[in-house]
Amino acid sequence: AAVMTPILLNHMGNEENEYINEQVQVKNPNLDTMEEDILYHFSLSTKTHNLPEMFGDIKFVCVGGSANRMKAFAQFIHQELKLPGNPGDIKDICEGTDRYCMYKVGPVLSISHGMGVPSISIMLHELIKLLHHAQCCDVVLFRLGTSGGVGLAPGTVVITEKAVDYSFRPQFEQVVLGKVITRNTELDEGVANELLQCSSELQTFPTVIGNTMCTHDFYEGQGRLDGALCSFSQEEKLEYLRKAYEAGVRNIEMESTVFAAMCRVCGLKGAVVCVALLNRFEGDQITSSHDVLVEYQQRPQILVAHFIKKRLGYII
């Protein structure tokens, strides 16, 4: 019974100070027998780097598609947490590779993941192993992203309740040794509600909780009529979007299902926070000006920064 107590407490306690140290879990016994673990796409290794010393104090990991955006987020959170030093001087920990970038700012890690499920999946395998090797505990993971809105005004921020597939099912299908395995994609309800509470405190942009549909393509896979290929009509596109809306889908992107599935399996609290760049009922092309898009993309960052500052006691 003693072994079970921390886990039960962890899920019963609502206050963050009731949380018991829960270490990041990897679900692979093979890792225990390896002399060295090379995190190839991060250009890091358990032999060449002291991961507990480098990353042991990490409590928040924020990931997003674009390398420039995640560098900007790292500089923003540096200012928000009023840390010493110049935000312009932060170094890319993964400078030995151009696959992903990684910046550490106090207890916050900011990492890029590229576009689509395969790219974020590779990053998450190595990130979860990194957090495990570094003996991190009580980590919250956020995906800060952009998306297409479904019946929402451009600039609306969506906190994901469930990440769903093309059939609006809350699951992620992964092919392993030629067989399809299905994993659940429900995200942490407590973190989502805390984020919604943060948005009502900020009151600076519209924020909703809804389902996020994850696709494997930006064009045909999201019902766009403006790709190099198009095999359906405008009416069929709108019918599909209406069905998505009825299933609770409020935005569409390309990473949320694998993010949710991997967080869930490894016992990590995860949240997906994406801004809608357009309303897909009204078009396919992103027509807003550069400056407007830059401001929209800052919105998930502002919301998650508020969450982090509250958790760290900067905001009472």
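Only one entry of Leu177, Leu131 meets the criterion of being open to solvent by less than 10 Å² (accessible area, probe 1.4 Å) and modelled with pLDDT of 95 or more, and that entry is Leu131. Pairs are defined by a Cβ separation below 9 Å, a sequence spacing of at least 6 or placement on different chains, a first member in the stretch 218-231 that is hydrophobic (A, V, I, L, M, F, W, C), and a second member that is at pLDDT below 95; no pair meets this definition.
Mind checking whether some residue in the stretch 62-73 is open to solvent by less than 10 Å² (accessible area, probe 1.4 Å), at pLDDT 95 or above and small (Gly, Ala, Ser)? Walk me through it before giving the result.
Applying the first criterion (open to solvent by less than 10 Å² (accessible area, probe 1.4 Å)) to the stretch 62-73 yields 62-64, 70, 73.
Right, trim to at pLDDT 95 or above and you get 62-64, 70, 73.
Remaining after also requiring small (Gly, Ala, Ser): 64.
Yes, because at least one residue in the stretch 62-73 is open to solvent by less than 10 Å² (accessible area, probe 1.4 Å), at pLDDT 95 or above and small (Gly, Ala, Ser).
The set of residues from the stretch 29-47 being without any contact (Cβ under 8 Å) to a residue 60 or more places away in the chain and either open to solvent by less than 30 Å² (accessible area, probe 1.4 Å) or more than 22 Å from the chain's Cα centre (by Cα) (or both) comprises Pro29, Asn30, Asp32, Thr33, Met34, Glu35, Glu36, Ile38, Ser45, Lys47.
Can you name every one of the strands (runs of 3 or more DSSP E) wholly within the stretch 82-194 that holds 1 or more residues which are over 23 Å from Leu278 (Cβ atoms)? Walk me through how you get there before you give the answer.
Details: elements: 102-105, 108-112, 140-149, 157-164, 171-176, 179-184.
Per the criteria, 102-105, 108-112, 140-149, 171-176, 179-184.
Is it fair to say Glu161 is under 16 Å from the mean Cα position of the chain (by Cα) and open to solvent by 50 Å² or more (accessible area, probe 1.4 Å)? Walk me through how you get there before you give the answer.
Values: under 16 Å from the mean Cα position of the chain (by Cα): yes; open to solvent by 50 Å² or more (accessible area, probe 1.4 Å): yes.
Yes; evaluated as a whole, the condition is true for this residue.
Being within 18 Å of the chain's Cα centre (by Cα) and at pLDDT 95 or above holds for only one residue in Leu141, Leu152, and it is Leu141. Evaluated against (1) in a loop (DSSP other than H, G, I, E, B); (2) at pLDDT 50 or above, Val3 falls short on exactly one condition, (2).
Which residues, counting only those in the stretch 45-80, are among the hydrophobic types (A, V, I, L, M, F, W, C) and farther than 23 Å from Cys274 by Cβ? The answer is Leu51, Met54, Phe55. For the stretch 196-211, the set of residues classified as part of a loop (DSSP other than H, G, I, E, B), free of Cβ contacts under 8 Å to residues at least 40 places away in the same chain and touching a strand residue (DSSP E or B) at 6+ places or on another chain (Cβ under 8 Å) is empty.
The values are calculated or read from the model by the stated rules, or taken from the named source; none is laboratory data. This structure is a prediction, so every number in the text was calculated from the model and none was measured. Note that we place each Cβ from the backbone using ideal geometry, even for glycine, and neighbour counts take in every protein chain shown. The protein model used for the area step is the full one, side chains on, heavy atoms only, and it has no ligands, DNA or RNA in it. Shrake-Rupley method; radii C 1.70, N 1.55, O 1.52, S 1.80 Å.
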